[in-house]
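Rule-based calculations on the coordinates, nothing more; no lab input. Computed from a predicted structure; not experimentally measured. Don't worry about glycine lacking a Cβ; one is built from the backbone with ideal geometry, like all the others, and counts go over all protein chains shown.
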Amino acid sequence: MELLLTFFLMAAIPTVVGGAVILSLVGLTMWATAPLRRRRRANSEDGRVPSGGSCEY
């Protein structure tokens, strides 16, 4: 039983750390590119109401 728990921890720790790294990289990428996406969307709409439904007057 103790050996099984050790194997479980050996597998779980890299999985959790790897998942956290991947989610952090995805989040940072989304955060860093948000101004570019916002600018690109504003240019493509040509003054129309944003497609998200929120209207800022």
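At 7 Å along the Cα-to-beta-carbon direction for both THR29 and ALA12, put a label point, then send me their distance in nm to one decimal.
It works out to 2.9 nm between the two label points.
At 7 Å along Cα-to-Cβ for each site, give me the label-to-label distance between ILE22 and ARG39 in nm.
With each label placed 7 Å out from Cα toward Cβ, I get 3.1 nm.
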